[in-house]
Amino acid sequence: MTSVVHQQFGSIKGGNVMHVGIFMHTNYFEDFFVKGLGLTEEEYVNSYHNDFSFDYARLLGKSGIHTTIYNFVRSGNEVRTYQHGVVDCTVKFIPLGALYRAYRAIPLSHRTPIGKFISQYVSTIHKDLSEILRADGINLIYAQEYASGRFERLASIAKKLSIPIIAAYHGGSIHKWIMPIKKRTLHKATFLTTLNEDEQLSMVTHFPWLSDRIRLLPNFVNSQIFYRRDKKQALVALGLDPSSRYIITVGRLFEHQKGHSLLVEAVQQLKDIPDLKILIVGNGPDERRLQEMIREKGLEDKIILLGSIRDKETLANYYNASELFVLPSRYEGLPLVILEASACGLPTVAFNVMGVRGLVQNGVSGLLAENLDPAALAASLSKLLGDPALCSEMGEAAFQIVRSSYSEEIIGAKLNSLLQESLGLGAELTTLRLGDAFAPKLTAPL
């Protein structure tokens, strides 16, 4: 593999090292990473690096930019700071304030869209947050999910510190009840980034006065790990039966989004295909429900639940041991797992939903089933399983698409350019200047 020279702009005006603060979307660490993914704080700090924040930190580090990843936590009363064990970045845990604890004690306080929004906002209230960011030397905030109430609080912090804030879409769309609030507040963002063209178009439609600041910034794949490997060697490394045929899916076991029940129903229609095995990678809150469904359908010999695979080399081997990738999601942002599978030469079978249809070219790099119909999903899987030449052809197309449009180098250049614009570096900008307000003052229509 050829080495790539990355553009260096790690210093900003005055010679200070650029330092980006990434705020995760979840209200508090234990709710998503502990309950949802089964992680401990120690595992998160020492070895976990399977989400966008660590990929961004690794990528930015190549340009001399430091990253701190912030999570709010229920445990403890002191701010805790760590150096991550795998990625060269800082991880900081900030204890939730008393106001959030009081709010959560109110029955059903976070069950409605408005209640969730307030919960997200209140979870970000910490009396020392501004000073923490100032002491850390943060000069740009990256807020995951502009749909979250966390953005409004972080935007106030950014204004107080006179630093820019980039607010991103990672799959969380703005609820119609929250839209009037966002129409009054999203102008505070220096830039708004989306993962896919569907969301970008939706945002431009709802916020036309912000169209020049709504940017497409897709995910990227780490080709140093996810690449085409020898299938036989992958099977041996994993201890898999070489006489079986494998389909793989990767995702959190969260039915509302990931739709694993739809896959189980589709597999029931494929149970007569000899030696077919479905590998499901991931864990989550709906794991027991999925296990029960598999047992009720009598598919224990067809569907293998592998749990969460945190070692990316192992995950890459599972992709390479499989014939194709399937994603039964009901909606997505821009699924990194499709990029990973494509980089390993697999075609994708999925539903024609937002976040997927812009990534999988139907009939070229995979097949898209309509209407969240398990029968249609089964038919698409059967078509590729029954035509190895077509499966290989689509896998090659998927590989070429990722290499030409979603490589670390291509998306990294876009990210670097966005950060430069945010800080007023490089080209002369009329509305973004270091030391001034980092977003034009606009009055958004209702």
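None of the figures in this text is laboratory data; all of them are computed from the coordinates on show. Just so it is clear, the structure is predicted and the values come from calculations on it, not from any experiment. Reconstructed Cβ throughout: ideal geometry from the backbone, glycine too, with neighbour counts over all protein chains shown.
Miscellaneous remarks
- A simple spin-label model places pseudo-atoms 7 Å from Cα toward Cβ; at Ser243 and Glu409 they are separated by 4.5 nm.
- Backbone HN-Hα couplings from phi across segment 364-373 [Karplus 6.51/-1.76/1.60, Hz, Gly and Pro as x]: 10, 10, x, 10, 10, 8, 9, 6, 6, 9
- Working from label points 7 Å from Cα in the Cα-to-Cβ sense, the Lys271 to Ile114 distance is 4.8 nm.
- Ordering Ser223, Ile114, Leu195 by Cα displacement along the dipole of the chain toward the positive end leaves Ile114 in first place; charges were set at the Cβ atoms of Lys, Arg (+1) and Asp, Glu (-1).
- Computed magnitude of the charge dipole of segment 231-405 (debye, nearest 20; Cβ of K, R +1, Cβ of D, E -1): 240
- One chain, two ends: Ile304 and Ile181. Fully extended at 0.36 nm per residue, the span grows by 39.8 nm beyond their Cα-Cα distance.
- Answer label, with mean projected area of the Cα convex hull in nm² calculated from the coordinates and candidates (1) 32.2; (2) 22.6; (3) 21.6: (3)
- DSSP beta bridges in the chain [antiparallel fraction, %, rounded to 5]: 10
- Both radii were evaluated on the Cα set of segment 53-147; the Rg over Rh quotient, with Rh as the Kirkwood radius, amounts to 1.02.
- Sorted peptide list for 125-136, 24-35, criterion being average Cβ within 10 angstrom, highest first: 24-35, 125-136
- Each residue in Cys344, Cys89, Cys391 was given a count of other beta-carbon atoms within 10 angstrom of its own, and listing them fewest first yields Cys391, Cys89, Cys344.
- Put a plus charge on the Cβ of each Lys and Arg, a minus charge on the Cβ of each Asp and Glu, and nothing anywhere else: the dipole of segment 24-125 about its Cα centre is then about 400 debye.
- From least to most packed, judged by other beta carbons within 10 angstrom and beginning with the fewest, Val87, Val250 follow the order Val87, Val250.
- Volume of the Cα convex hull of segment 67-212, divided per residue and given in Å³: 130
- Spin-label model distance (nm) - Arg289 vs Arg80, 7 Å beyond Cα toward Cβ: 3.0
- Principal axis extents of the Cα atoms in segment 231-405, from largest to smallest and rounded to whole angstrom, are 42, 37, 31.
- Net length gained if the chain between Lys232 and Gln400 were fully extended (0.36 nm per residue, minus Cα distance): 58.2 nm
- If the chain linking Val204 and Lys297 were pulled fully straight, counting 0.36 nm for each residue of separation and taking away their Cα-Cα distance, it would gain 29.0 nm.
- Exposure proxy ranking, count of Cβ atoms within 10 Å, fewest first, for Val236, Val360, Val337, Val353: Val236, Val353, Val337, Val360
- Crossing angle, helix 150-161 versus the chain [Cα axis fit, 0-90 degrees, rounded to tens]: 40
- If only the Cβ of Lys and Arg carry +1 and only the Cβ of Asp and Glu carry -1, the dipole of the chain around its Cα centre is close to 1440 debye.
- In this structure, Ala379 and Asp136 have a Cβ-Cβ separation that, at R0 = 41 Å, corresponds to a calculated FRET efficiency of about 0.20.
- Selection from Leu367, Ser407, Leu270, by position along the positive dipole direction of the chain (Cβ): Ser407
- With the convex hull drawn over the C-alpha atoms of segment 163-215, the volume per residue is 78 Å³.
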